[in-house]
1. In the Gaussian network model of the chain, springs joining C-alpha atoms below 10 Å, which of 183, 202, 226 carries the largest mean-square fluctuation?
2. Just rank 150, 172, fewest to most, by other beta-carbon atoms within 10 angstrom.
3. Expressed as a whole number of Å, what is the distance separating the alpha-carbon centroids of segment 135-158 and segment 54-84?
4. Could you work out how far helix 42-56 tilts from the main Cα principal axis of the chain, as a 0 to 90 degree angle to the nearest 10?
5. Quick one: which of 160-166, 34-40 comes out on top by average Cβ neighbours within 10 Å, and what's the full order, highest first?
6. Counting other beta carbons within 10 Å of each residue's own, what order do 73, 242 fall into, fewest first?
7. I'm a student and want to see the number: the projected area of the Cα convex hull of segment 151-241, averaged over all directions, in nm².
8. Given the rule -39500 (n - 2.57) for each run of at least 4 DSSP H residues, summed and divided by the residues of the chain, what is its mean residue ellipticity at 222 nm, to the nearest 500 deg cm²/dmol?
């Protein structure tokens, strides 16, 4: 009986520790690309959260093995959830880059009226949907699951268990990252913006030289075909640049915590 009681005490201590890891991983899972998309069933998300928690727990056991009581466990829930959300946002903002680039490209080439279902409740332009789906596939091929584990593991150094992220430092970090993703998104859409500028200048010159010509009737198919052709040529380059940025931002050094 004493042996059984000791076993129950051991498993109770283990539950406190694993649950803290589960809270951080579960909060990050809500924002993670691929694993945390709205189209992914809840059961798959929970299974992935459990799997990541099982892998991560032995790596951070020494950081949280002191949590053995309910009184010590409850105050740690809030900091773990907030830390997990910051980790998830680090990955999610790279998806925002592709959405921004696709939206700018679609608007520049007059193709923003064509909507795709996207990966969420809000419809996205077809360009955005194509880039996001391709980017998620590329991220998975680049070892997304391994990068998630690496960043979650390193987060225990930046955000120790029980410590709330510093408000001022977190706000400055968020502003820096948001500025970066908007800049990168516009840079990736640069070829479409440049092509749109040249197209509109040329269309204006033609309209000035031949006022009787219905330039809109001629120009609309031209910009649509040109936009699709440019997407065909530039999408490998866009995804290559994005993939390198993704590999840097999601690394412990690039995350900048």
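1. Of 183, 202, 226, the Gaussian network model singles out 202 as fluctuating most.
2. By the 10 Å Cβ count, ascending, the order reads 172, 150.
3. 20
4. 60
5. 34-40, 160-166
6. Ranked by crowding around the Cβ, least crowded first: 73, 242.
7. Working: hull surface 37.5 nm².
Projected over every direction and averaged, the Cα hull of segment 151-241 covers 9.4 nm².
8. Here the helix-only value at 222 nm equals -25500 deg cm²/dmol.
Since every read-out is calculated from the coordinates, none of them should be taken as a lab result. This structure is a prediction, so every number in the text was calculated from the model and none was measured. Neighbour counts run over all protein chains shown; Cβ positions are idealised from the backbone, glycine included.
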